[in-house]
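Dropping a structure here in structure tokens format, bear with me for questions.
Please treat every number below as a calculation from the coordinates, not as lab data. Please read these numbers as outputs of a predicted model, since none were measured by experiment. Neighbour counts are summed over all protein chains in view; Cβ atoms, including those assigned to glycine, are modelled from backbone coordinates with ideal geometry.
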Amino acid sequence: MIHRMLTSLILTLGLVSGSMGTASANSTIVVGGKKFTEQQLVAEMTTQLLRANGYSVDKRPDLGSSVLRAAQENGQVDVYWEYTGTSLVIYNKVTDKLDAEQTYKKISALDAEKGITWLNPSKANNTYAFAMRKDEADKEGIVSISDLAKNVGEGKTYKFASNAEFFSRSDGLRPLQDMYQFEFERKNVVRMDGGLTYQALRDGQVNVALVLSTDGRIPAFGFVVLKDDKGFFPSYALTPVIRTEVFKENPKIGELLNALSSKLDDDSIAGLNSRVDVGRESIESVSREFLEKNKLI
């Protein structure tokens, strides 16, 4: 805990005291990113894309979410990729149940007041999801969470791997079961670290697991994500966000990032994540190949 606090403090001080210049000061675009693979990928793709189009870029990856958001609000980071649900719930404290389009419109309006512009959202939605091994889902005829609920209601037993937070939180497992009108027996809910749910499902220790929908282990391990057909999980669309001042001075950046955003969806980002996390390829090479394949550079 102390180590994490010190790390965040050091990062914050580095942002404040470092030579961070912005586009309006010295034509350098500061690109930020969070601490996990997906964020490292989009930060690197953004960096390569902007540099290929003549921009000077200072990349600042591996920042904590709250540090990164504060840095953008304070003018120390110009652009990064954020999730719509994170801005809605964490940064703007909105508790209303909104669909994907409503979420995007709400945060675009709220963040505009803070000098932040949301560009076009991608189709990559990194939200919680239920996953099963494809062979078992096919055998059981399960495509959606409603299918799973129906089978549970008919007496079929499934072991479910969940992280402790989702199990206990007020907008977690209990209300999901209420919406879909089913209930896992308590003895069949196995709580564990979120990263271990994938291994437990792969190894057959459980039948269903809570996952993040764009995690690279989903395609790598042969999982299928069950359709959230009643729309329980909020939208976490991966979207480029840019300081409005910088966007006005450099409108082409918006065009470039919107073009990149249009190429990202659940399957493509999961595949990229898998190449890094499972295949151990470098962030730089995976990013460049994706940009070249899609004729962005």
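Given contacts defined as C-alpha pairs under 8 Å and at least six residues apart, what's the relative contact order of the chain, whole-number percent?
Relative CO of the chain lands at 26 percent.
Give me the Kirkwood hydrodynamic radius of the range 128-225 in Å, from all C-alpha pairs, to one decimal place? Numbers along the way, then the final one.
Details: mean 1/r = 0.0751 Å⁻¹.
About 13.3 Å, per the Kirkwood formula over Cα pairs.
In addition: Just to confirm my numbers, what's the Cα centroid distance between the range 25-60 and the range 151-206 in Å?
The distance from the Cα centre of the range 25-60 to that of the range 151-206 comes to 38 Å.
When every alpha-carbon pair in the range 58-130 is counted, what percent end up more than 15 Å apart?
Value for the range 58-130: 56 percent of Cα pairs lie more than 15 Å apart.
Next up: Using a Förster distance of 41 angstrom, determine the FRET efficiency expected from the C-beta separation of THR28 and LYS295, and round it to 0.05.
0.95
Per DSSP H run of at least 4 residues, take -39500 (n - 2.57); add these up for the chain, divide by its residues and hand me the 222 nm value, nearest 500 deg cm²/dmol.
-13000 deg cm²/dmol
Right, here's the next one. Hey, could you get me the Stokes-Einstein D for the range 125-173, Kirkwood radius over alpha-carbon pairs, 25 °C and 0.890 mPa s, rounded to whole µm² s⁻¹?
Answer, rounded: 200 µm²/s.
Compute the distance from the alpha-carbon center of the range 223-239 to that of the range 75-129, in whole Å.
Measuring centre to centre over Cα atoms gives 16 Å.
Once amide H atoms are built 1.01 Å from N in the peptide plane, which residues 5 or more positions from ASP58, or in another chain, come under 5 Å H to H?
Result for ASP58 returns ILE29, VAL30, VAL31.
Taking every DSSP beta bridge that has both residues in the range 128-225, what percent is antiparallel when rounded to the nearest 5?
Counting only bridges with both partners in the range 128-225, antiparallel ones make up about 60 percent.
Let me ask something else about it. What pairs from LYS134/LYS156; LYS93/LYS123; LYS248/LYS295 go past 22 Å between their alpha carbons?
LYS93/LYS123; LYS248/LYS295
With the dipole of the chain worked out from charges on the C-beta (+1 for Lys and Arg, -1 for Asp and Glu) around the Cα centre, which of ILE107, THR239, THR47 lies farthest toward the positive end?
THR47
Among the listed pairs LYS34/LYS263; LYS187/LYS230; LYS34/LYS114, give every one whose C-alpha distance is greater than 23 Å.
Long pairs (Cα-Cα over 23 Å): LYS187/LYS230.
As a test of the definition: which semi-axes, in Å, follow for the chain when you take the square root of five times each eigenvalue of its alpha carbon gyration tensor? Largest first, please.
Value: 36, 20, 18 Å, ordered largest first.
Moving to a separate point now. Which percentage, to the nearest 5, of the DSSP beta bridges contained in the chain is antiparallel?
Counting only bridges with both partners in the chain, antiparallel ones make up about 55 percent.
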